Amino acid sequence: MRHFDYARAESPQQAIAAHGSDRDAAFLAGGTTLLDLVKLDVMQPQTVVDINGVDLTTIERLDDGRLRIGAMVTNTTLARDARVVEDYAVLSQALLAGASTQLRNKATTGGNIMQRVRCPYFRDGVSACNKRDPGSGCAAIGGVNRSVHAVLGTSDSCIATHPSDMCVAMAAIGATVEVQGPEGTREIDFGDFHLLPGDTPAREHALEPGELITHVILEAPIHGSRSAYLKLRDRQSYQFALASSAVIVRMDGNTIREARVAMGGVGTKPWRAPEVEAALKGKAASEAVFADAAKLAFENAIAYAHNGYKIPLGQQAIVRNLSDLTAA
Ligand SMILES: Cc1cc2nc3c(=O)[nH]c(=O)nc-3n(C[C@H](O)[C@H](O)[C@H](O)COP(=O)(O)OP(=O)(O)OC[C@H]3O[C@@H](n4cnc5c(N)ncnc54)[C@H](O)[C@@H]3O)c2cc1C
Ligand code: SF4
């Protein structure tokens, strides 16, 4: 067993001070990712800063209509919040499609955003993996890459999907991540938060060492819109997405006035699809229109040995979701 220091913080300031700008320190929220990876020896923090005593557990409506969510709000609380159920059905559904009841009761908003990939070569602790051990190679590219490997946003260094369902819904809604760190506070657009792997897959997000996510602010809901999350997976519960879609539409009769579309299970980050949104805008809803639009999302897709099926499956995730949402 490896030794590590443990500190318990009662405020963001205490948490940031205890963490410092040490790359080998980690915040402990629900622990459902961190503890697994420490036990697997994939993450080896020298210092663990427990933030369960930090009061970041409120959900508040801001004057401009946006919803501000504390980083320690659990996935269960967020999914069941009346404002989320009413105004952001896509988010509530995405959260409830993730993990299990017990995990959602522990998992937090900040931790969910920061969860690590489910690639088995990353988690086994020994295979070549540029994310875990930079420069060692990527065992997945020439190995088994059927379920948790991407067709969008991949590189020669890493092809792992971002596993979060919640983040796909947030990508569609539009959000801002509020962070606090040794240098003060700042805001990061949700679309810029997760990084493509490129040549540096070990760098997964825009946080600097020691920065703490304090809140996520969702854009104000689109008046008169409907939204839904559709997750396609090997079995219907307790399984990561093979392909998923988060869709928000505002209709005027049978005409699509506005659409937001994001995808999970197919990209190396939560994948917003602006080209699909543009192709839908102003069109009369029909399966043919949805299918043509969905194809655009995958124009730059790269299939690996075992995951080529994700290209038609991802398109179907968009088409089915749109069909259900726009049905009279
Ligand atoms: C068996 C299993 C099945 C799962 N299935 C799904 C699924 O289907 N869909 C899905 O979306 N997810 C799934 N998950 C992942 C789960 O959603 C995440 O483990 C969880 O959301 C992480 O939140 P946490 O609070 O437990 O994070 P922790 O484990 O406490 O932390 C995770 C990481 O985030 C960092 N961190 C935590 N909070 C902050 C903060 N405020 N600021 C900065 N850094 C922070 C930690 O240092 C750590 O590196 C599954 C997990 C398991 C174990
Ligand atoms: S896909 Fe990424 S996480 Fe998986 S082995 Fe390759 S570098 Fe590692």
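Read the figures in this text as sums done on the coordinates, not as results from a lab. Computed from a predicted model, the values in this text were never measured in an experiment. Every residue, glycine among them, receives a Cβ derived from its backbone with ideal geometry; neighbour counts consider all protein chains shown.
Counting other Cβ atoms within 10 Å as a rough exposure proxy, the listed residues F298, F193 run F298, F193 from fewest neighbours to most. Charge tally around E10: other residues with Cβ under 11 Å, Lys/Arg +1 each, Asp/Glu -1 each, net -1.
Taking amide hydrogens as placed 1.01 Å from N in the peptide plane, the amide H of L212 sits under 5 Å from those of Q180, G181, each at least 5 positions away in sequence or on another chain.
Is the C-alpha gyration tensor of the chain telling us rounded, prolate or oblate? Criteria: a/c under 1.5 is rounded; beyond that, a/b larger than b/c is prolate, otherwise oblate.
oblate
Given a Förster distance of 25 angstrom, what is the FRET efficiency for D24 paired with Q102, based on the Cβ-Cβ distance and rounded to 0.05?
Numbers: r = 29 Å, r/R0 = 1.18.
Working from the Cβ atoms, E equals 0.25.
Build a GNM of the chain with springs between Cα atoms under 10 Å apart, and of L196, L212, L313 the one that fluctuates most is L313. Across the chain, Cα pairs under 8 Å and at least six residues apart give a relative contact order of 17 percent. What is segment 225-326 by shape, rounded, prolate or oblate, if you read a ≥ b ≥ c off the alpha carbon gyration tensor as root eigenvalues and call it rounded for a/c under 1.5, prolate for a/b larger than b/c, and oblate otherwise? In terms of gyration-tensor shape, prolate.
The distance between label points at S11 and Y309 comes to 5.4 nm (points 7 Å beyond Cα on the Cα→Cβ vector).
GNM remark for the chain: springs join alpha carbons under 10 Å apart, and the peak mean-square fluctuation among N52, N300, N112 falls on N300.
Where a ≥ b ≥ c are the square roots of the eigenvalues of the C-alpha gyration tensor, would you call segment 46-118 rounded, which needs a/c under 1.5, or, failing that, prolate if a/b is larger than b/c, or oblate? Don't skip to the end; give the middle numbers.
On the way: a/c = 2.12, a/b = 1.30, b/c = 1.63.
Oblate.
Near I51, within a Cβ-to-Cβ distance under 11 Å, what is the net charge of the other residues, with Lys and Arg +1 and Asp and Glu -1? Before the final figure, lay out each step's value.
On the way: positive: R8; negative: E10, D50, D55.
Around I51, the charge tally is -2.
Among G20, G65, G125, the largest mean-square fluctuation in a Gaussian network model of the chain (Cα springs under 10 Å) belongs to G65.
Amide H contacts for A175 (H built 1.01 Å from N in the peptide plane; partners 5 or more residues away or on another chain; cut-off under 5 Å): F190, G191, E219.
Between Q46 and L195, the contour length at 0.36 nm per residue exceeds the Cα-Cα span by 51.2 nm. The ranking of K106, K269 by Cβ neighbour count inside 10 Å, starting from the fewest, reads K106, K269.
Screening the chain for DSSP H helices whose Cα atoms reach 18 Å or more along their own axis and whose mean Kyte hydropathy is at least -0.5 gives 310-326.
So between A202 and D156, what do we pick up on full extension, going 0.36 nm a residue minus the alpha carbon distance?
Residue separation times 0.36 nm, minus the Cα-Cα distance, leaves 15.2 nm.
Measuring between alpha carbons in the structure, the pairs from K106/K310; K131/K231; K231/K295 lying more than 23 angstrom apart are K106/K310; K131/K231.
Couplings 3J(HN,Hα) of segment 205-216, computed from phi: 8, 8, 5, 8, x, x, 7, 10, 6, 9, 8, 10 Hz, in residue order, whole Hz [Karplus 6.51 cos²θ - 1.76 cosθ + 1.60, θ = phi - 60°; x for Gly and Pro].
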